[in-house]
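Down below is the structure, laid out as structure tokens.
FYI, it's all coordinate maths here, none of it is from the lab. Since the structure is predicted, the reported quantities are computational estimates derived from the model, not experimental observations. For neighbour counting, all protein chains shown are included, and Cβ atoms are generated from backbone atoms with ideal geometry for every residue, glycine included.
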Amino acid sequence: MGTPNEKRYENCTYHRIGRSGLKVAPLSLGLWHNFGGDASYDNCREMVLGAFDLGITHFDLANNYGPPPGSAEKMFGRILKSELAAHRNELLIATKAGYDMWPGPYGDFGSRKYLLSSLDDSLRRMGVDYVDIFYHHRPDPDTPLAETMGALDSAVRSGKALYVGLSNYNAAQLKQAYAVLAELKTPFVVNQVRYNMFDRAVEKELVATADELGIGLTVFSPLAQGMLTERYLQGVPADSRAGGASVFLNNSDITADRIDKVRALGKIAASRGQTIAQLALAFVLRHASVSSVIVGASRLQQIVDCFGVTKKMSLSAEELIQIETILS
Ligand SMILES: NC(=O)c1ccc[n+]([C@@H]2O[C@H](COP(=O)([O-])OP(=O)(O)OC[C@H]3O[C@@H](n4cnc5c(N)ncnc54)[C@H](OP(=O)(O)O)[C@@H]3O)[C@@H](O)[C@H]2O)c1
């Protein structure tokens with residue numbers, strides 16, 4: 001790497017994750033899509049280094065990101081080794097285990113056996129001694145909560161993770177897990193959840209519960225996988241997520257109703273001097289318990305665009321009413 005932008009930490013204010021000592025920029029970069037085995041190293045490198053140059057410190061991974069599973073961690077590890085090794089202490093690297101990762105009874109959900117062996121694999125793939133946050137990726141209805149939380153606690157006690165997080169836990173599950181982790185004195189700081197203008201389920205209870213417990217929220221898919229941007233206004237581009245091989249977003253998700261809403265949101269965004277993506281991110285970031293939005297990207301320019309939200313994050317009461325009217 002050349003020398004990183006020396007003024008990178010002057011670009012935004014870093015907020016605490018919940019009531020922890022850990023601070024993060026309003027924007028984080030997720031490596032779920034576009035960092036797999038078939039991705040261009042040069043493009044991935046440009047995105048990670050470009051994000052770091054902007055002041056983004058938090059990189060969100062999981063054991064299964066790819067495809068194939070594990071390849072995003074390898075890609076990130078390669079970039080880290082050749083470009084950012086000297087900056088390890090400035091990076092907040094997160095990974096997760098909880099979804100299907102390898103065949104047989106030990107590669108899925110929340111057993112101690114799965115979580116701890118998966119963490120070892122993640123460390124190996126990324127070439128690091130520890131991750132900053134180790135998440136349980138989704139609740140496991142069958143494994144005793146004490147076992148899963150005990151595994152997260154062990155990850156910290158063994159020095160392989162500094163903090164732990166949960167993901168996709170609802171308000172009731174979060175409270176139960178919080179109680180177990182508090183008893184263990186585990187440094188549990190964050191719940192990672194989906195939240196965007198088209199999916200507002202967390203507003204019902206979880207946002208307030210996180211606030212009450214002092215646990216931060218990191219938000220995934222804040223742009224509804226790209227729908228809350230200009231990306232699909234002229235149809236479905238062949239190089240987009242919906243136009244490609246992803247099973248998580250396809251043509252049928254890009255409905256006329258959604259596109260109409262995005263166009264209407266575009267007018268509010270323009271009146272604020274923002275892009276649609278920036279408005280969509282400001283909407284999610286308006287809650288104090290939302291510590292950071294984790295965006296995905298296929299090119300650096302998208303990250304630069306999204307980072308622009310840091311210049312104007314507050315929304316007026318009137319703008320919120322206009323947004324509610326469009327979304328209702
Ligand atoms: N914990 C969990 O269960 C879970 C689940 C899902 C995701 N995550 C995490 O959250 C991260 C983000 O999720 P996501 O990728 O769905 O987030 P997203 O930010 O809602 O969508 C990202 C996609 O939006 C498009 N995009 C981004 N910025 C844009 C811009 N400025 N203008 C136009 N298009 C733009 C790009 O699409 P194109 O690729 O089409 O260019 C990009 O790939 C993941 O990488 C992962 O780290 C966690």
- Of all residues in region 230-274, which are surrounded by 15 or more Cβ atoms within 10 Å (Cβ to Cβ), within 10 Å of the ligand (Cβ to nearest atom) and closer than 23 Å to G36 by Cβ? R231, Y232, V236, S240, R241, A242, G243, G244, S246, L249
- If we keep only residues of region 304-319 that are in a helix (DSSP H, G or I), of a type in the set (A, V, I, L, M) and in contact with a helix residue (DSSP H, G or I) (Cβ under 8 Å, 6 or more places away or on another chain), then the residue surrounded by the fewest Cβ atoms within 10 Å (Cβ to Cβ) is V304
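Check region 102-114 and report whether any residue there is of a type in the set (F, W, Y) and under 21 Å from the mean Cα position of the chain (by Cα).
First, the residues of region 102-114 that are of a type in the set (F, W, Y): 102, 106, 109, 114.
Remaining after also requiring under 21 Å from the mean Cα position of the chain (by Cα): 109.
Yes; the residues of region 102-114 include at least one that is of a type in the set (F, W, Y) and under 21 Å from the mean Cα position of the chain (by Cα).
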- Task: Identify, by number, the condition in (1) over 25 Å from R241 (Cα atoms); (2) outside any helix (DSSP H, G or I); (3) within 14 Å of the ligand (Cβ to nearest atom) that S122 doesn't meet.
- Result: (2)
- Query: Which condition number does L29 fail, the rest of (1) out of contact with any Lys or Arg (no Cβ under 6 Å at 6 or more places or on another chain); (2) assigned to a loop (DSSP other than H, G, I, E, B) being met?
  - Reply: (2)
- Which residues, taken from region 158-176, are among the hydrophobic types (A, V, I, L, M, F, W, C), free of Cβ contacts under 8 Å to residues at least 40 places away in the same chain and in a helix (DSSP H, G or I)? A171, A172
- Number of positions in region 201-220 that are more than 21 Å from G21 (Cα to Cα) and in contact (Cβ under 8 Å) with a residue 40 or more places away in the chain: 1
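When you scan region 21-38, how many residues do you find that are surrounded by fewer than 19 Cβ atoms within 10 Å (Cβ to Cβ) and within 21 Å of G226 (Cα to Cα)? If you could, list the steps in order and put the result at the bottom.
Start the filter on region 21-38 by keeping residues that are surrounded by fewer than 19 Cβ atoms within 10 Å (Cβ to Cβ), which leaves 21, 23, 37-38.
Those left that are additionally within 21 Å of G226 (Cα to Cα): 38.
The number of residues fulfilling the criteria is 1.
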